[in-house]
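A.B. asks: My questions all concern the structure below.
Where a number appears in this text, it was derived from the coordinates with a stated rule and is not lab data. Note that the coordinates shown come from a computational prediction; the quantities given were computed from them, not determined experimentally. Cβ placement follows ideal geometry from the backbone for every residue including glycine, while neighbour counts extend to all protein chains displayed.
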Amino acid sequence: MSARDDILRGVRQALAGVSPAVEVPAAPRVPDRGDLVALFVERVEDYRAVVTRCAPDEVDQVVRDVLGSARAVVPPDLGLDLPGAVVDDVFTATELDAYDAVVTRAAVGIAETGTVVLDHQPDQGRRAITLVPDLHVCVVDGGQVVADVPDAIALLDPARPLTWISGPSATSDIELDRVEGVHGPRTLHVVLVG
Amino acid sequence: MRIALQITCVNDAMFPDTGKAVVRLLRRLGVEVDFPREQTCCGQPMVNTGYLDEAVPVVRRFVDAFAGYDAIVTPSGSCAGSARHQHSIVAERSGDPALAAAVAETGPRTYELSEFLVDVLGVTDVGAYFPHRTTYHPTCHSLRMLGVGDRPTRLLEAVRGIELVDLPHATECCGFGGTFALKNADASIAMGADKARHVRDTGAEVLVAGDNSCLMHVGGMLSRQRAGVRVMHLAEVLASTEEDEG
Amino acid sequence: MSGTFVGMPAFPTAAREALGDTQLRRNLAHATHVIRDKRAKVVAEVEDWEELRLAGAGVKEAALRDLATHLETLEASLVRAGATVHWARDAEEACAIVAQVTKAHGVDEVVKVKSMATAEIGLNEALEAEGIAAWETDLAELIVQLGDDLPSHILVPAIHRNRAEIREIFLRRMGDVGRPAPVDLTDEPAVLAAAARAHLREKFLRAKVAVSGANFAVAETGTLVVVESEGNGRMCLTLPEVLISVVGIEKVVATWADLDPLLRLLPRSSTGERMNPYTSTWSGVTPGDGPQEVHVVLLDNGRTRALADDVGRQALRCIRCSACLNVCPVYERVGGHAYGSVYPGPIGAILNPLLHGVSDEQTASLPYASSLCGACFEVCPVRIDIPSVLVDQRAAVVDSHRGDRVPKAEAVAMKAAAWAFSDSRRLAWAEKASGLGGRLLRRFGRTTLPGGRAAAGRLPGPAAGWTGARDLPAPPEESFRDWWDRTDGGRDGGAR
């Protein structure tokens with residue numbers, strides 16, 4: 001018998017006479033927190049990420065200021081005017097390692113947890129580009145911010161690869177002392193529009 | 001209302017003064033308890049060590065002894081927890097539906113002393129007097145298995161003359177754990193040493209808890225350390241009056 | 001290149017040794033208290049935490065109760081999404097699959113995301129035997145691997161090491177396996193983390209094959225989920241050409257929406273954060289993005305054994321947050337190595353016997369490695385009633401010895417106690433005997449408890465286990481029941 005059939009048979013035997021019916025209570029919703037965008041900003045900053053709020057017509061300039069002279073890679077459909085930024089041309093990891101920064105949009109922002117989620121559409125690019133450079137500038141529209149995790153899950157398509165980002169990479173592996181910045185971008189800069 | 005005292009095997013054999021204090025305290029509050037002579041033990045030592053078959057006759061003895069009582073009061077969070085949460089496991093093991101039915105009757109009627117005082121009698125001021133610097137250790141089973149919450153501290157706060165001081169890291173286990181204290185003596189002693197240190201840090205004269213088995217462990221450590229801290233069951237503090245202290 | 005748990009002594013013996021290591025106890029006490037406080041703070045922030053726990057427990061329990069259906073759905077979804085699905089009955093089969101896929105790509109190294117399943121099956125050692133180097137990329141796993149050490153915690157495998165020890169390991173060992181640590185390395189956590197970043201980056205950039213586990217596997221969509229902090233997970237899941245994920249069959253949840261309570265419960269319970277820095281989800285192969293060859297190994301290795309246990313089944317709800325370790329008073333003092341498994345602490349004390357049975361002495365000692373204080377159940381995000389399962393596994397241990405020709409002393413004592421406790425007259429006689437013993441102690445005992453009661457100091461024989469560090473009050477001359485009889489329950493003037 002194949003391992004597959006063996007395991008499935010074992011599972012069925014183990015559960016013989018066990019009712020599969022389980023009452024699963026609905027997960028509770030967070031209470032109304034008022035201004036979601038303000039909460040989002042506060043919670044992102046809590047992770048020691050940097051947040052800049054600006055008006056729609058200021059985004060290009062704000063991102064240019066954040067980047068300064070950093071060498072930036074950008075996804076194909078970023079839709080910002082960033083002189084000097086290089087559009088991802090399916091660079092290898094080693095090629096990406098030569099960039100200081102990456103600028104992307106996002107799919108969703110989660111206020112309760114201060115999380116941005118990327119679904120890696122063309123305005124966010126392949127997963128690798130937001131991983132190798134040391135600075136990630138993420139442009140989030142105020143209208144993309146939802147209250148909590150279940151709202152994000154409802155909006156996101158699991159068929160796409162998703163990256164949930166809550167602050168810069170971090171570790172607490174040494175004496176449970178939190179250190180920001182290990183393998184992923186050591187700086188996360190969220191530009192909140194509107 | 002017929003009320004029975006479940007003294008517990010440990011109190012019966014080792015700490016009869018706790019039982020006397022319960023009787024005295026309840027009598028002062030106008031409650032007469034019966035002491036069913038057939039009672040022995042709740043079966044917890046067997047259950048918690050894995051000897052379920054051995055626990056069956058002991059639980060049978062328990063339900064026979066306490067059948068027909070409206071309330072069973074016991075000065076032990078651990079033994080009340082055993083009656084309420086473990087007797088059904090033993091009954092299921094026995095395969096005897098009559099035993100299962102019997103434990104379903106006695107279990108919910110079993111009250112730890114502070115629950116009985118606060119929930120059944122509706123009192124928090126029991127008229128006690130105890131002019132000593134005292135700290136309280138909430139034992140694990142009373143805290144987490146029964147959920148007695150702040151009932152013991154509300155009772156203690158109402159005691160006249162008492163100086164009640166907070167015990168640091170109070171909710172951490174003292175390390176007794178029944179046969180754990182012997183089977184894993186080193187871990188048990190390490191936990192007890194930390195509990196004893198926290199007790200000493202309070203500067204209390206008296207350590208109070210609702211389970212004498214835990215107090216026997218922590219008190220044994222404090223005694224070995226010549227800490228000069230006395231351990232007392234909650235019932236004994238609540239039974240104290242001016243006459244006792246005079 | 002790492003140690004092994006094989007041949008570990010039973011828990012009490014291993015614990016005694018660990019308790020004697022004062023540095024270890026300091027490291028553990030510090031770390032567990034820090035994480036405990038962080039967790040308490042972020043959990044208190046959630047108004048309906050208990051409802052969230054119930055939802056999380058429900059989602060996992062429902063998936064387990066219909067596991068075969070969900071596994072078949074998962075397999076179909078994964079295949080549809082371009083993944084190759086393998087099944088492994090045990091550790092050996094799982095390791096062989098990983099080795100075979102790796103070798104098919106002609107490489108002699110893989111990068112690894114921290115994964116309990118691959119630690120459980122001893123994958124690194126199995127790959128090493130096949131000439132394949134497995135590089136751990138989680139910081140704590142790296143510390144353990146470089147130190148030829150064993151993990152001692154589910155979330156922070158190097159929790160037993162302090163910063164000075166870690167600096168020493170990095171300086172001594174990094175150069176042997178890749179980029180050396182800088183010579184001016186200090187013991188600042190940020191500096192140590194930077195050294196790990198530099199050391200591992202060259203490995204990430206050149207890796208062709210990565211190995212991961214998964215925190216969750218969604219049946220309806222074929223989505224795997226990895227929850228992490230450092231970004232090493234993203235590196236492994238994104239950069240290599242081939243990704244092999246070893247996933248325990250109990251990781252399945254039915255639907256995408258089922259992730260909601262779990263993704264809210266896990267980070268708060270685990271690292272004490274509202275959300276962990278990075279969560280990656282992927283469903284098979286995404287053309288043009290990430291690994292283009294994706295393998296999933298569905299692992300049994302004792303899980304169907306645990307599933308068949310009506311009381312113990314709930315242990316398979318575990319989402320490996322390690323909150324139970326962090327609050328456990330035994331774990332806090334003894335550490336993880338004494339449990340002799342990659343799954344230490346309260347969850348390990350039930351999971352190991354459930355997965356493997358209690359026939360060996362070491363595993364059989366684990367259900368007793370607890371005072372049954374219940375702190376673990378209180379914090380468990382999926383409401384595993386660990387104390388009840390511990391007691392049930394103790395019964396399994398006792399039952400496994402019922403056929404012994406020579407019963408253990410403990411079994412004899414329990415039978416004797418049951419005999420005495422089955423009849424109040426027998427108990428009364430036993431109490432009279434102990435009262436006589438008490439009289440002797442009062443006469444000869446050298447200790448008096450505060451309050452005046454006589455007590456025994458150090459005693460020999462069976463009492464030594466108690467009296468080694470604890471005085472024992474002398475039994476009273478008169479039991480409660482004798483007092484009751486003599487005084488009519490105190491009404492006869494004997495209330496004192």
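A.B. asks: Per the Kirkwood treatment, what hydrodynamic radius in Å, one decimal, follows for segment A:12-59 from the mean inverse distance over all distinct Cα pairs?
C.D. replies: 15.7
A.B. asks: Under the definition of partner shielding as Cβ atoms of other protein chains within 10 Å of a residue Cβ, what is the mean value for peptide C:293-306?
C.D. replies: Working: counts 0, 0, 0, 0, 1, 4, 2, 6, 1, 0, 4, 10, 2, 1.
Taking the mean over all residues of the peptide, I get 2.
A.B. asks: Net charge near C:Ala14, counting Lys/Arg +1 and Asp/Glu -1 over other residues with Cβ under 13 Å of its Cβ?
C.D. replies: That sum, taken over residues with Cβ under 13 Å, equals -2.
A.B. asks: Follow-up. On a C-alpha basis, how far is the centre of segment C:282-321 from the centre of segment C:1-53 in Å? Whole number, if you could?
C.D. replies: Cα centroid of segment C:282-321 versus Cα centroid of segment C:1-53: 24 Å apart.
A.B. asks: Shifting gears a bit: Based on Cβ point charges of +1 for Lys and Arg and -1 for Asp and Glu, what charge dipole magnitude is obtained for the protein assembly as shown about its Cα centre, in debye rounded to the nearest 20?
C.D. replies: 3220
A.B. asks: P(r) for segment C:352-496: what percent of alpha-carbon pairs falls in each 10 Å bin, starting at zero?
C.D. replies: 10, 22, 28, 26, 13, 2, 0
A.B. asks: Something else: Evaluate Rg over Rh across the protein assembly as shown, taking Cα atoms for both radii and Kirkwood's formula for Rh. The partial results should precede the final answer.
C.D. replies: Values: Rg = 30.4 Å, Rh = 29.9 Å.
So for the protein assembly as shown, dividing Rg by the Kirkwood Rh gives 1.02.
A.B. asks: Long-range amide H contacts for C:Val253: which residues qualify at under 5 Å (H placed 1.01 Å from N, peptide plane, sequence gap of 5 or more or a different chain)?
C.D. replies: C:Ala217, C:Val218, C:Ala219
A.B. asks: Based on the Kirkwood radius over alpha-carbon pairs, what value in µm²/s does the Stokes-Einstein equation return for the translational diffusion coefficient of segment C:104-242 at 37 °C and 0.692 mPa s?
C.D. replies: After rounding, the answer is 210 µm²/s.
A.B. asks: Also, I was wondering about something else. Go through segment C:258-275 residue by residue and turn each phi into a ³J(HN,Hα) via Karplus (6.51, -1.76, 1.60, θ = phi - 60°); whole Hz please, and just put x for glycine and proline.
C.D. replies: Running phi through 6.51 cos²θ - 1.76 cosθ + 1.60 with θ = phi - 60° gives 4, 5, 4, x, 5, 6, 7, 6, 5, x, 5, 6, 8, 9, x, 10, 5, 8 Hz.
A.B. asks: Tell me which cysteines of chain C come out unpaired when the rule is another cysteine's Cβ under 4.7 Å.
C.D. replies: Isolated Cys, chain C: C:Cys95, C:Cys236, C:Cys318, C:Cys321, C:Cys328, C:Cys380.
A.B. asks: Order of C:Lys203, C:Lys408 from fewest to most other C-beta atoms within 10 Å?
C.D. replies: The order, fewest Cβ neighbours first, is C:Lys408, C:Lys203.
A.B. asks: Still on this structure, please answer the following. List, in order, the whole-Hz ³J(HN,Hα) value for each residue of segment B:122-129 obtained from phi through the Karplus relation with A = 6.51, B = -1.76, C = 1.60 and θ = phi - 60°; use x for Gly and Pro.
C.D. replies: Ordered by residue, 3J(HN,Hα) equals x, 10, 10, 8, 9, x, 8, 9 Hz.
A.B. asks: Tell me the net charge near B:Glu38. Cut-off is 14 Å between Cβ atoms, B:Glu38 excluded, with +1 for each Lys or Arg and -1 for each Asp or Glu. If you can, show how the numbers build up before the last one.
C.D. replies: Working: positive: B:Arg37, B:Arg60, B:Arg61, C:Arg425, C:Arg426, C:Arg481; negative: B:Asp12, B:Asp34, B:Asp64, C:Asp423, C:Asp485.
Net of charged neighbours comes to +1.
A.B. asks: Mind ordering A:5-17, B:80-92, C:287-299 by average Cβ neighbours within 10 Å, highest first?
C.D. replies: B:80-92, C:287-299, A:5-17
A.B. asks: For segment A:79-96, just list the computed ³J(HN,Hα) in residue order, Karplus coefficients 6.51, -1.76 and 1.60, θ = phi - 60°, integers in Hz, with x standing in for Gly and Pro.
C.D. replies: Once θ is set to phi - 60°, the couplings for segment A:79-96 become x, 10, 9, 10, x, x, 5, 10, 6, 4, 10, 6, 5, 6, 4, 5, 5, 5 Hz.
A.B. asks: Okay, next question. Taking only the alpha-carbon atoms of chain B, what semi-axes of the equivalent ellipsoid follow from 5 times the gyration tensor eigenvalues under a square root, in whole Å, largest first?
C.D. replies: Result for chain B: semi-axes of 29, 23, 14 Å.
A.B. asks: Quickly estimate the mean residue ellipticity at 222 nm for chain C, helices only: each DSSP H run with n ≥ 4 gives -39500 (n - 2.57), and the total goes over all residues, rounded to 500.
C.D. replies: On the way: 23 runs with 248 residues, N = 496.
Computed mean residue ellipticity for chain C: -15000 deg cm²/dmol.
A.B. asks: Under a Cβ-only charge scheme (Lys and Arg +1, Asp and Glu -1), can you give me the dipole magnitude of segment B:3-120 about the Cα centre, in debye to the nearest 20?
C.D. replies: 280
A.B. asks: On to the next question. Please list, in chain and number order, the residues 5+ apart from B:Leu167 or on another chain whose amide H is under 5 Å from its amide H, with Hs placed from the backbone.
C.D. replies: Here B:Tyr136 satisfy the definition.
A.B. asks: Now for a separate question. Between B:Gln225 and A:Ala55, with labels modelled 7 Å along Cα→Cβ, what's the label distance in nm to one decimal, could you check?
C.D. replies: A separation of 6.7 nm, rounded to one decimal place.
A.B. asks: So, one more: Hey, could you get me the Stokes-Einstein D for segment A:1-124, Kirkwood radius over alpha-carbon pairs, 20 °C and 1.002 mPa s, rounded to whole µm² s⁻¹?
C.D. replies: Estimated diffusion coefficient is 112 µm²/s.
A.B. asks: Report Rg(Cα)/(2.2 N^0.38 Å) for segment C:1-73, keeping two decimals.
C.D. replies: 1.78
A.B. asks: What is the distance in Å between the Cα centres of segment B:109-150 and segment A:32-59?
C.D. replies: Here the two parts' Cα centres lie 48 Å apart.
A.B. asks: Can you give me the C-alpha center-to-center distance between segment C:322-369 and segment B:223-246, rounded to a whole angstrom?
C.D. replies: 38
A.B. asks: Which Rg and Dmax, in Å, describe the Cα atoms of chain C?
C.D. replies: Radius of gyration, then largest Cα-Cα span, for chain C: 26.6, 92 Å.
A.B. asks: Hey, another quick one. I need to check one value: relative contact order of segment B:63-136, counting alpha carbon pairs closer than 8 Å and at least 6 residues apart, in percent.
C.D. replies: Relative CO of segment B:63-136 lands at 38 percent.
A.B. asks: Would you calculate a helix-derived [θ] at 222 nm for chain A, using -39,500 (n - 2.57) for each DSSP H run of n ≥ 4 and dividing by the full residue count, to the nearest 500?
C.D. replies: Value at 222 nm, helices only: -6000 deg cm²/dmol.
A.B. asks: In addition: What does the structure give for C:64-74 when I average, per residue, the other chain Cβ atoms found within 10 Å of the residue Cβ?
C.D. replies: Per residue, the number of nearby Cβ atoms from other chains is 4 on average.
A.B. asks: Using a 7 Å offset from the Cα along the Cα-to-Cβ direction at both B:Asp119 and C:Thr186, what is the distance between the two label points in nm, to one decimal?
C.D. replies: Taking the two extended label points, one gets 5.7 nm.
A.B. asks: If you average 1/r over every pair of different alpha-carbon atoms in segment C:11-303 and take one over that average, what Kirkwood value in Å do you get?
C.D. replies: Evaluated on segment C:11-303, it is 20.2 Å.
A.B. asks: So, how do all the Cα-to-Cα distances of segment A:34-193 break down into 5 Å bins, in percent, from 0 on up?
C.D. replies: Spelled out per bin, shortest first, that is 2, 10, 19, 22, 22, 15, 8, 2, 0, 0.
A.B. asks: Given segment B:10-88, what whole percent of its Cα pairs are spread farther than 13 Å? Don't skip to the answer; put the middle values down first.
C.D. replies: Numbers: 2165 of 3081 pairs.
Percent of Cα pairs beyond 13 Å in segment B:10-88: 70.
A.B. asks: Quick one: putting +1 on the C-beta of Lys and Arg, -1 on the C-beta of Asp and Glu, what dipole do you get for segment A:126-167 around its Cα centre, in Debye to the nearest 20?
C.D. replies: In debye, rounded to 20, segment A:126-167 gives about 240.
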